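Taking it in order: structure first as structure tokens, then the write-up.
Where a number appears in this text, it was derived from the coordinates with a stated rule and is not lab data. Computed from a predicted structure; not experimentally measured. With ideal geometry, Cβ positions are generated from the backbone for all residues, glycine too; neighbour counts draw on all protein chains shown.
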Amino acid sequence: MPIPGRASWIRARGGYRAYVREPLWRTWRQAVFYLLPVGLVVTVCVLTMYQDTIPRGPLQWVDMVLQVSLVAGLVVRKWFPVRLMLATIGLSVLYLALMLVAHGVWNPGFAPNDPWMTIATPIYAYSTVLYAGPLIGPVLVAVQALLVVRPWDSSAELVLGTVLLVVLPALIGLYIRTHRGLVQALTDRAERAEREQHLLAEQARADERVRLAEEMHDVVTHRVSLMVLHAGALAVTGPDDHTRTAAEGLRAAGCEALNELRELVGVLRNDTTDRQPQETADEPAAVPDLTTLVAESESVGVPVDLVLEGNPALTSAAVGRTAYRVVQESLTNIRKHAPGAPTRVHVRYGGDRVRITVRNAAATRTVDSGLSRTGSGVGLVGLRQRVELVGGTLTSGPRAGGGFEVDAVLPAYVPVESS
């Protein structure tokens, strides 16, 4: 939002910049309140000239032209507050110089208690503080007040006139400026809070999308790949052609389902906000049983040697679930890319950490190309992010003698948040 009384630069077409000022008013109500002081000053000026019976000399005519010019400048006081205030101060300085050095018709002849200022000075004192900068506005008003009060030849009347005609309008302008700034700050804070709420809602939706993608990848893909492997085995060992044909069709349908699931997971995942939500206190404390995963892999011809060391009860639920996902994803990848490979799963529950190591040898059967192509390509990436979320590390890569290894180290305990 532009600062009141200031102009702003905007970039125009072709790289040129245009100087655009804020409008003097935006509604008819603002126009009335903005022009009302102009009407009052014009009325006072006309009445003063009408009641003035002193014959006009050259100085009086020059003074009238300058006064009328400054009154006309009230219309654009919002655009040029500093320049118009400087002109007002300059006229007061001119009065002072003429009083000191001029004689005859060029001496203003002011009474000792007359304030040496223009009739529009109160409005300019108010406008300068309101529309000019927070430093230059009060400085100019202070200079004008000093010229009006004339400390070298002051009086009680001059002090009172200075307070009423210069200081008081400036204080009113300062109050209005502070009030507008406070309202603008509160408005900005409300808009910022609204934007933050919108961002939080967007983040919550993104987290839910990520959670769905992770669950689909970890659970659904795991189950469907088991179905495909069972169907592939049945297509080879079926008792008759009809059974083998049906099993092959089931295997092909499963591979197609995994491909479609991979595309859906890619849509749900958002790589820029891909992170796993923190576990909640409502999650059960029991560590998932890994023997079920081992039995599923062995049922499709992947021999798995499971070694458990330590006490799983000392592990928090968040770490236990993460360990389960590490083993699940590793065994799923082995079934896809190294069917029949002897596998060893070693889980060591220590006092301060949990280490999961999954090693497999080279494949002993032909890789099913249809099944191996169904991976989403982000399984290990998502698994690493899940491990890092609980403060652990994960490394993976091929082994020197053939096969693959996944090694994850997790802290034994991760506090959960209350929901």
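Classify the stretch 222-261: rounded, prolate or oblate, from the alpha-carbon gyration tensor (a ≥ b ≥ c, eigenvalue square roots; a/c under 1.5 rounded; otherwise prolate if a/b is larger than b/c)?
oblate
Let me check I've understood the local charge: for GLU405, count other residues with C-beta under 10 angstrom from its C-beta, Lys and Arg +1, Asp and Glu -1. What total comes out?
Around GLU405, the surrounding residues sum to +2.
Which order do peptides 156-163, 317-324 fall in by mean Cβ count within 10 Å, highest first?
On the way: 156-163: 15.0, 317-324: 22.8.
Output ranking for 156-163, 317-324: 317-324, 156-163.
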